[in-house]
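Any read-out appearing in this document is the output of simple, stated calculations on the displayed coordinates, not a laboratory observation. Bear in mind that the values here come from a model prediction, so they are computed numbers and not experimental data. Positions of Cβ are generated from backbone atoms using ideal geometry, with glycine treated the same way; all protein chains shown enter the neighbour counts.
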Amino acid sequence: MTATITPLIAGNWKMNGLAASLEEVDKLAILLAGADSLRAEVAICPPATLLAAMSARLATTPILTGGQDCHVQPSGAHTGDISAQMLADAGARLVIVGHSERRQDHGETDELVRGKALAALAAGLTPIICVGETRAERDAGEAEAVVARQLAGSVPDEAAEAGAVIAYEPVWAIGTGLTPTEADIAAMHRAIRRMLVGRFAGAGQGMRILYGGSLKPANARAILAVEEVNGGLVGGASLLSNDFYAIISSA
Ligand code: PGA
């Protein structure tokens, strides 16, 4: 982990969680309050239905909340969609954009993801912009090229100065229990850093690059210690406060 960058551990609840699940974040807040020295910033991105309630509940804690997606427009006739402004109004400080499940399930393109990241910035939210290759792309030796293309297309010019976050999430590692080797994670994170510095110079040096995909208590310490890994985006293991706390403590 790069010493000068404060790591971020963000939980992505995906389409999980009912009102009763808010008890888990109460437990997490108690665990964090009892911890001696935590280096990491912590965030949870619940489903939109829980965002306002969770944000209110965590208002006096260091835990931030975020959305899982946003529309490119601030308002309008877009049934079922949620704008970045609405997320901010509900207490969010961050929003995930371009998650591979959005790219796959909803056909989101790099261009659309860039628009969402811009909408997030306009609403005062920190976008967590996701990139990552499929298994077939990695097997074909194209992982870096795919990630380079996604970064070029999805990350707006304003991103670095505004403190946007990049999340490298190999699609084949998400929810599968599989992870790349530490050497492969290091190689990709170094490559992403090179691309960010190439494009944004000094500001690219300070951007956080998270790793995501089957992060869990058992592998968090090793993965979060990899060079240029500045935190994690955690799906399944963020749903239980004890597991999520164990990952946060590993940072
Ligand atoms: P996972 O999901 O931790 O359940 O693999 C990560 C993510 O999709 O952000």
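With Cβ to Cβ distances under 10 Å as the rule, what net charge do the other residues near residue 241 carry (K, R +1; D, E -1)?
Surrounding charge for residue 241 is -3.
Are there DSSP H segments in the chain that both extend 20 Å or more along their axis (alpha-carbon positions) and score a mean Kyte-Doolittle hydropathy of at least -1.0? List them, or say none.
Taking the DSSP H segments of the chain (at least 20 Å long, mean hydropathy at least -1.0), we get 182-200.
Summing -39500 (n - 2.57) over the DSSP H runs of n ≥ 4 in the chain and dividing by its residue number, what mean residue ellipticity at 222 nm do you reach, to the nearest 500 deg cm²/dmol?
Computed ellipticity for the chain at 222 nm equals -12000 deg cm²/dmol.
Just the ratio, please: alpha-carbon radius of gyration of the chain over 2.2 N^0.38 Å, N its number of residues.
In units of the 2.2 N^0.38 Å rule of thumb, it is 0.93.
Treating the beta-carbon of each Lys and Arg as +1 and of each Asp and Glu as -1, no other charges, what is the dipole magnitude of the chain about its Cα centre, to the nearest 20 debye?
Computed charge dipole of the chain: roughly 300 debye.
Please list the non-local residues whose amide H lies under 5 Å from the amide H of residue 206, H modeled 1.01 Å from N, same-chain partners needing a gap of 5 or more.
Amide H to amide H, under 5 Å and 5 or more residues apart or across chains, residue 206 pairs with nothing.
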